[in-house]
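What follows is a single structure, written as structure tokens, with notes after it.
The values are calculated or read from the model by the stated rules, or taken from the named source; none is laboratory data. Predicted, not measured: the structure shown is a model, and the values here were computed from it. So basically every Cβ, Gly included, is an ideal-geometry build from the backbone, and we count neighbours across all protein chains shown.
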Amino acid sequence: MHTVTKDSKTLQARIVSGSFVLLVGSSLATGINFAYNIAVARFLGPAGFGHATVVYTLLILISAVTLSFQIVAAKLVAQQSSPERKAAAYRDFHRGAWACGIVVAVALLIFQRPIAEYLKLPHSSLISLLAIGAAFYVPLGSRRGYIQGVCEFRLLATNLVLEGAVRFGGSLLLVIAGLGVRGVVAANAAAIVVAYLTASSRLAEPIPNPLPLAYSLREVFQGVVFFSGQMLINNCDIVLVKHFFRPTAAGLYAAVAMVGRVIFAFSSAVVNSMFPLVAGTREEERRNLRVITTSLLLVLGIGSALALALRLAPASIWTAFFGRDFILEGSYGLPYLLALYAITTVIYSLSVVIITYEMSYKIANTSWIQLAFSGIVVAGICRFHSSLQQVILVQLVLMLGLLALVALPFMLDSIRYSRQHRVAVSSPIRVIRRVSEDEVIAEFLKGDFEHPAYRDYDSLRDIVIKPDLENAVDNAKRRALLFIRHLSLWKELPANTEWFEAELRESNLDQIRAFPRAHWRKLARGNYSVTEVAERIRTRIRTKDREVDQRFLAKINSIRDRLTEEEHAPIGAVVLIGLNESEPLTILDGNHRLVAAILASPIGLPKLRFLCGLSGRMTQCCWYKTNLATLFRYGTNLLMQVVRDPEAELERLLESSG
């Protein structure tokens with residue numbers, strides 16, 4: 001428990017550190033964007049500012065796709081254990097981002113005229129300029145996701161500042177040159193192109209993508225659902241106000257909404273640092289409530305301070321900033337509306353922290369709740385829009401409801417996990433350290449390399465017996481070797497499986513299950529508890545039962561004898577799989593070794609090394625839970641793997657490496 005507390009404190013510190021870097025960058029970018037909004041408002045007036053803002057809002061709505069690619073790229077990259085695997089996961093993903101960006105740009109060009117008419121824009125060419133930026137905007141998300149996934153927060157912050165600087169400087173120059181709203185939109189498109197070209201990071205040598213396409217598509221779909229809801233909630237009000245109100249009132253509302261974007265930008269800095277760090281940690285560490293509490297307090301503290309400052313600031317400040325046309329008479333002047341909008345944004349930002357925290361390690365159903373609420377927000381504003389104040393109040397009430405629906409299940413789940421964790425003294429293992437999948441494959445192969453299937457690959461014995469885990473080419477060769485015999489076995493494991501070296505608790509051996517195959521099914525008789533199986537084998541050996549295959553018993557006796565020797569030759573690791581540390585585990589590889597160690601007790605077990613793969617989706621794997629659904633999934637995967645030839649892949653690797 002001390003280790004978990006220490007780890008969670010380390011994770012908290014990293015979140016605070018990353019948040020600080022991104023907050024500094026976001027503050028600079030926000031300051032630049034604030035100056036941009038003031039300059040555009042003063043030069044163009046309320047009507048022109050409304051036109052420019054609504055076009056920029058369309059770009060933000062498109063960022064539902066952009067940010068989906070960013071958050072998924074960050075998650076996939078953060079979960080990989082080596083630079084080569086991170087780069088491989090990113091490369092294919094980035095190509096997909098470009099394809100999506102081009103599709104979005106073409107769609108905007110096709111529908112530019114009806115969009116311009118609905119938003120009462122002076123020129124449909126504004127949408128054409130937006131399409132150029134949109135083509136680069138989606139792959140920009142993928143690039144930023146890689147930077148975020150490898151935790152290069154300084155580079156990410158710099159890129160955000162650069163985008164804002166180009167937008168501000170370009171808009172100023174083009175407006176002064178007499179291009180008006182068209183110049184502002186062109187500067188926005190140019191800022192995206194420049195940000196894309198400068199958001200580059202050095203990638204490791206290419207290796208095959210470790211992630212199946214289906215896994216990436218599921219994550220992208222989750223991201224699209226989440227950011228579609230987020231973009232609608234954050235921006236539908238500006239679009240609807242532009243449609244329902246006069247241009248001057250819409251321009252005033254755009255100025256109010258700008259403050260909400262400032263607060264949300266600060267909240268995003270916290271989320272962007274939290275997300276990859278949590279995605280790259282193990283379940284026990286991230287389940288500690290201190291971790292998410294840190295993020296929630298950062299968002300609440302920053303947002304509340306800004307909301308209070310906005311309420312206390314006199315209206316004359318905003319007139320001085322934006323111009324004398326930006327004034328709202330009556331009791332509900334600009335300071336009141338600004339503070340009310342800020343409070344609404346803070347409440348929504350708390351929901352976003354909780355949803356993204358869950359998304360970092362699983363498919364979060366709360367994304368669908370947010371998407372449903374975005375539709376309710378649209379309907380609510382369409383029904384209640386008698387004043388700007390009423391538009392904001394509709395959103396405030398709905399955001400309180402969203403926070404309640406998102407936070408309550410999360411808290412109940414956390415309390416339930418905490419209770420389970422308190423009784424984790426009965427868990428079968430204790431995690432020692434995180435290991436890479438490459439290390440697990442290397443250990444698996446050591447215990448399997450004497451099989452006749454590898455007879456033709458004896459020249460590779462050195463990279464199997466003495467693996468260099470830092471060598472990406474050797475790692476790829478070992479993976480191809482393993483897949484010659486065990487492709488279907490390995491591909492059944494969930495893509496988000498996290499691997500650890502663990503210590504086995506002898507008192508809870510009954511929670512370890514033998515892998516149900518061949519002779520083990522006969523011995524188990526439906527009870528695969530490794531202690532029960534070992535006891536049956538002990539009885540068979542003692543009674544010299546002839547019904548059991550003698551070669552099978554001889555193999556176990558041979559391993560047992562080696563374990564009882566003071567200096568025995570290395571014996572391969574036992575590989576386990578399970579849902580988490582507290583649930584029963586199944587042996588993926590090492591039935592003979594573990595049973596032999598139990599028979600050699602008490603000196604046998606301490607001489608074995610244990611590697612454990614944990615995933616919340618392990619019940620989808622037929623090796624862990626066998627039923628009709630998992631067997632059907634296994635059969636489907638087998639059909640998909642028919643065209644794959646691991647031996648040919650290995651030959652290509654051998655040829656390319658000389």
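Can you pull out every residue in the stretch 611-644 that is β-branched (Val, Ile, Thr) and assigned to a helix (DSSP H, G or I)? Give the derivation first.
Initial filter on the stretch 611-644 (β-branched (Val, Ile, Thr)): 619, 626, 630, 636, 642-643.
Thr619, Thr630, Thr636 - these are the residues of the stretch 611-644 that are β-branched (Val, Ile, Thr) and assigned to a helix (DSSP H, G or I).
Among the residues of the stretch 272-285, are any more than 24 Å from Ile147 (Cα to Cα) and either assigned to a helix (DSSP H, G or I) or at pLDDT below 70 (or both)? Break it down stepwise before answering.
The initial filter retains those residues of the stretch 272-285 that are more than 24 Å from Ile147 (Cα to Cα), namely 284.
Still in the running and either assigned to a helix (DSSP H, G or I) or at pLDDT below 70 (or both): 284.
Yes.
Here is a yes/no grid of residues against (1) at pLDDT below 90; (2) farther than 28 Å from Tyr253 by Cα; (3) buried (at least 18 other Cβ atoms within 10 Å of the Cβ):
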position	(1), (2), (3)
Thr356	yes, yes, yes
Met359	yes, yes, yes
Ile363	yes, yes, no
Ala372	no, no, no
Val378	no, no, no
His385	yes, no, no
Gln389	yes, no, no
Ile392	no, no, yes
Leu398	no, no, yes
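Hey, any hits in the stretch 240-262 for a residue that's outside any helix (DSSP H, G or I), basic (Lys, Arg) and surrounded by fewer than 24 Cβ atoms within 10 Å (Cβ to Cβ)? Write out each step before concluding.
Taking the stretch 240-262 first, the residues outside any helix (DSSP H, G or I) are 245-246.
Now restrict to residues that are basic (Lys, Arg): 246.
Next, only the ones that are surrounded by fewer than 24 Cβ atoms within 10 Å (Cβ to Cβ) stay: 246.
Yes, the stretch 240-262 contains a residue that is outside any helix (DSSP H, G or I), basic (Lys, Arg) and surrounded by fewer than 24 Cβ atoms within 10 Å (Cβ to Cβ).
Looking at Ile603, Ile577, Ile559, can you tell me which residue is within 24 Å of Val464 (Cα to Cα), at pLDDT below 85 and among the aliphatic types (A, V, I, L, M)? Show your work before the answer.
Working: Ile603 fails: within 24 Å of Val464 (Cα to Cα); Ile577 fails: at pLDDT below 85.
When all the criteria are applied, what remains is Ile559.
Given (1) surrounded by fewer than 14 Cβ atoms within 10 Å (Cβ to Cβ); (2) of a type outside the set (Ser, Thr, Tyr); (3) in the same structural domain as Asn235 (by TED's automatic domain parsing); (4) modelled with pLDDT under 90, identify the lone condition not met by Arg433.
(3)
Within the stretch 129-178, can you find the residues that are touching a helix residue (DSSP H, G or I) at 6+ places or on another chain (Cβ under 7 Å), in contact (Cβ under 8 Å) with a residue 40 or more places away in the chain and not in a helix (DSSP H, G or I)?
Val150, Cys151
Can you spot a residue in the stretch 448-465 that is in contact with a helix residue (DSSP H, G or I) (Cβ under 8 Å, 6 or more places away or on another chain), within 26 Å of Glu581 (Cβ to Cβ) and buried (at least 19 other Cβ atoms within 10 Å of the Cβ)?
no
With respect to Leu408, is the statement that it is in the same structural domain as Glu503 (by TED's automatic domain parsing) and over 30 Å from Leu509 (Cβ atoms) true? I'd like the intermediate steps shown before the answer.
Numbers: in the same structural domain as Glu503 (by TED's automatic domain parsing): no; over 30 Å from Leu509 (Cβ atoms): yes.
No; evaluated as a whole, the condition is false for this residue.
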